[in-house]
Every structure is written in C-alpha cells, then in structure tokens.
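Chemist: Here's a structure for you.
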Amino acid sequence: EADGEAEARLLLQEARESIEAAQSYRRELEQRLRGLHQARKQIRESATLTRDVLEQHFNDLKGTLKKLLDERLMSLLQEVDAIEQDSIKPLDECQKLIEHGVSTADDLLREGESAVHGDVGQQNEKLCSFTKKALHIQLDSLPEVPSLVDVPCLSAQLDDCLLTILKNQIFRHGTVASRPPVQLEEFVEKPGGILVRWCKVDDDFIPQDYRLQYRKSTASHFEDVYVGSETEFIVLHIDPNVDYQFRVCARGDGRQEWSPWSVPQIGRTTLVPHEWTAGLEGYSLSSRRNIALRNDSQSCGVLYSKAPTYFCGQTLTFRQVLSGIETVGQPDRRDSLGVCVEQQNGYDSLQRDKAVCISTNGAVFVNGKEMTNQLPAVTSGSTVTFDMEVVQLGPSSNEGGNFKLRVTISSNNREVVFDWVLDQCCVSLYFGCSFLYPGWKVLVF
C-alpha cells in the first residue's frame, strides 16, 4: 500500500512537471508567435512606407521633368521667334522700298503717256518736265534682293541620344534595400534628454557620416537632429515620460546618397531636465532655463539649479557657448562651475564647504580647498563634465556617519579624480555657477 501511495505521488509530481513544461512551452510559443507578428508587421509597414516614398518621389520627378521640358521648349520657341523677327525685318524694309519704286514708276508712266499723247501746244513743255523727272528718279537704280542661300532657313536640331541617356539613368535610379547597414543600439536616459547610440551592422559598408532623426510619437514627420561621424548623440529638449521615435542612416565613404533608414525604435526619459533658478539678478536665462548668461549687472552671487536634479551615477555636463559677442567673459579665480549639497546664499562662489567646482582658470576646489591637480582653462566651446559614484565608509555611513563620493571632473580631454568626503548621505545634488564678469554663457545638461 505504501508503495502504491509513493508511486501515485511520483506520478502526480511527474504530471505537474509535465504541466509546467507544457505551460512554459506554450508561453515560449506564444512569445515566438508575437515575434512573428511583429516581424510580419514590420515587413508590411516598411513595404507600405517604401511604396509611398517611391510613388511620391517619382511623381515629384515627373512634375519636375515636365516643368524643365516646358521651360526648355519655351526657350527654344523664343529663340525661333527672335531669329525670325531679326531675319524678316530687312526683307520687310526692302519690300517697302520696292513697292514704293513700283508706285513711283506707275506715276511716271502715266505722266509720260500723257505727255506723248497731249495737245501739241503743251507737248514740248510736258515732255521736258517728264524727261527731267525721269532723270531725277534714276530709273537704272534697283534695290538689292538677297538670294535664298543668303537668308536664314530655320530648323530644329534634336539629339535623339537624350532619350537613351534618360532611359539609362532612369532605369538605374533608385534602389530597394531590405537590410540597412546601421541600426540603433542603445538609449540612455539623461535629464531632459536621451543619449542615442548606434552601430554598423554591415561589415562591407564603410561609413563616412551618420544622420539621426527623431519625432514625437504624435508627430507625423521626422526631423534631423544630428549629422556627423560620431556613433552617439545626446538629443536634448526631450519631454519626460513621452515616447519619441528615432531612426538613423549612413552615407558611404565617397558617396552622396544616404543609406536606407534603420528600423525605427522608441526611446524615452523619465528624468526631468536640469534648470537654473530664475529671478537671480546678474543672470539671464533661456526660455527652457537650461542656459544662463552672466549679464552686465553689478550684482554677483552663485546661480543654483532649481532643484537637486543631479544624481550620483549620472554625468553632469556644462558647455560654454557664444553669447553673441564672439568671446566668453573675462576669467577670474573666483569663477566656479560645480555641484553642492545645498543652496547657500551669501556666497559669491562655489569655492566653499560642501561643494566641488572648477574655476575658469582650471583650478579644482574641494570643500573650499584648491587641489594641486589643475585642468585646462575654460574657454568658448569648452565642455566640463562631473561624474560621481558612491563609496560608503563604515557600517553606519547611511546613518549619519562619513559618506564618500568618488568624483571625476573632465575638461578638454583631461580629468582629475578624487574622493569627496561628506558628513551626511547625499545622492542627489544641486549644481551651480558663478562668474564675476559678464559675457559667460553656460548650457547645462
């Protein structure tokens, strides 16, 4: 009996395992079926889009070709009209001269006949008058009439090889590709932006430039956001928690035309954009409040971020941009770009406690103390980045003990790395800047 119960339990266990295996098998098949549906959808949608693009392109070509042919025809017809008018004009003048001569000869004939057949008493006088008039008219002088070989004979010279050339060009125009040579690879969330990476998937393709486009999921048209040789780009001005579609293509080395577009993919960011605090005298902000310009105001102080939006593990980037006067402001040792634990009013620089920063002359400050390592000076177009990671000290570091952040500051292809020790746990930080002189303009992202 015990053996029977054990065998029953074993059979039940095997049945349950078979059911689980069957369920797993079914889930796997359903997942593969969904993959097939997505593949079929991609093929059909891309085929429909390709048809639309081809039809639109060739319709545009037909319209343009018709317009060009009409313009060329009009130009040739105008040339025919001009030659005809220029050639007919001297013939018309000659015809008028001959017709005038015929009229004069008719009048002279009538006068001569009247003189010959007139009264005897007046005959001598009329004959004398007629003879003088005939001599004055110079009856032996005739206008020159050009021969047919000396006047234009218009004809149209049309080269039939144009049709052959056009036919060969048209038959070679356009291609249909099923596998683009580049594909999107990765999306990395950034505050108010997305870092898009792509890669080459065709080993035989040698890229010269890449072209990245994007659009909101609700938009109908893609727009260019980057053209260049890099394989990644940070797309800014991205609304948080909104889907965006991206696609990329490439241009082969030495070629003018672009490759087919990659498979469009969805990217989004959940991180709110970095913003400067509005309303501080001495600084003017852009409409998105991510660009700050040090204006002509005599007031000075530290411009902080609106909120502690910089989190450890992210990269914070400051970029100096031209402010319309083609140069940045005059540098000063008290200038600063950096991050801090909290906003503290009353300071004119981030060179203070609970802050790390770089001055425009390249000096690095940690909690108000200058480090021996120095970075290149900040100039127009310079990019300064801050990267931080948490390094905890002791088992009570999250309870108010020592807290250490490993900080990397990079500028102009050089970097310094150091540990920033704080007396409290802090994984989200404010950022800030201060400039003594006007003209500095900094973008943060």
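The values are calculated or read from the model by the stated rules, or taken from the named source; none is laboratory data. Bear in mind the structure is a predicted one, so any value in this text is a computation, not a measurement. All Cβ positions, even for glycine, are placed from backbone atoms using ideal geometry, and neighbour counts span all protein chains on display. Just so you know, the surface numbers come from the protein's heavy atoms only, side chains and all, with ligands and any DNA or RNA stripped out. Shrake-Rupley method; radii C 1.70, N 1.55, O 1.52, S 1.80 Å.
Chemist: Are there any pairs with C-beta distances below 6 angstrom linking a residue in the range 338-351 that is part of a strand (DSSP E or B) to a residue that is open to solvent by 20 Å² or more (accessible area, probe 1.4 Å), with the two at least 6 apart or on different chains, and if so which?
Modeler: Listed by first residue and then by second, the contacts come to CYS340/LYS354; CYS340/TYR430.
Chemist: If you scan the range 286-306, which residues turn out to be open to solvent by 50 Å² or more (accessible area, probe 1.4 Å) and within 26 Å of the chain's Cα centre (by Cα)?
Modeler: Within the range 286-306, SER287, ARG288, ARG289 meet the criteria.
Chemist: Shifting gears a bit: Can you tell me which residues in the range 214-238 are part of a loop (DSSP other than H, G, I, E, B) and either touching a residue at least 60 places away in the same chain (Cβ under 8 Å) or hydrophobic (A, V, I, L, M, F, W, C) (or both)?
Modeler: ALA219, PHE222, LEU236, ILE238
Chemist: In the list GLN183, GLN256, which residue meets the criterion of being polar (S, T, N, Q) and surrounded by 15 or more Cβ atoms within 10 Å (Cβ to Cβ)?
Modeler: None of the other options fit; the residue is GLN183.
Chemist: Could you list, in sequence order, the residues of the range 214-237 that are crowded, with 16+ Cβ neighbours inside 10 Å and modelled with pLDDT under 90?
Modeler: LEU236
Chemist: Sticking with this one: Answer yes if at least one residue in the range 121-143 is without any contact (Cβ under 8 Å) to a residue 40 or more places away in the chain, open to solvent by less than 80 Å² (accessible area, probe 1.4 Å) and among the charged types (D, E, K, R), and no otherwise.
Modeler: There is at least one residue in the range 121-143 that is without any contact (Cβ under 8 Å) to a residue 40 or more places away in the chain, open to solvent by less than 80 Å² (accessible area, probe 1.4 Å) and among the charged types (D, E, K, R).
Chemist: Out of ALA219, ALA134, ALA177, which single residue is in the same structural domain as LEU69 (by the TED database) and not acidic (Asp, Glu)?
Modeler: ALA134
Chemist: If you don't mind, there's one more thing I want to ask. Go over the candidates MET371, MET388 one by one and state the one that is part of a strand (DSSP E or B), touching a strand residue (DSSP E or B) at 6+ places or on another chain (Cβ under 7 Å) and surrounded by 19 or more Cβ atoms within 10 Å (Cβ to Cβ).
Modeler: Going through MET371, MET388 in turn, the sole match is MET388.
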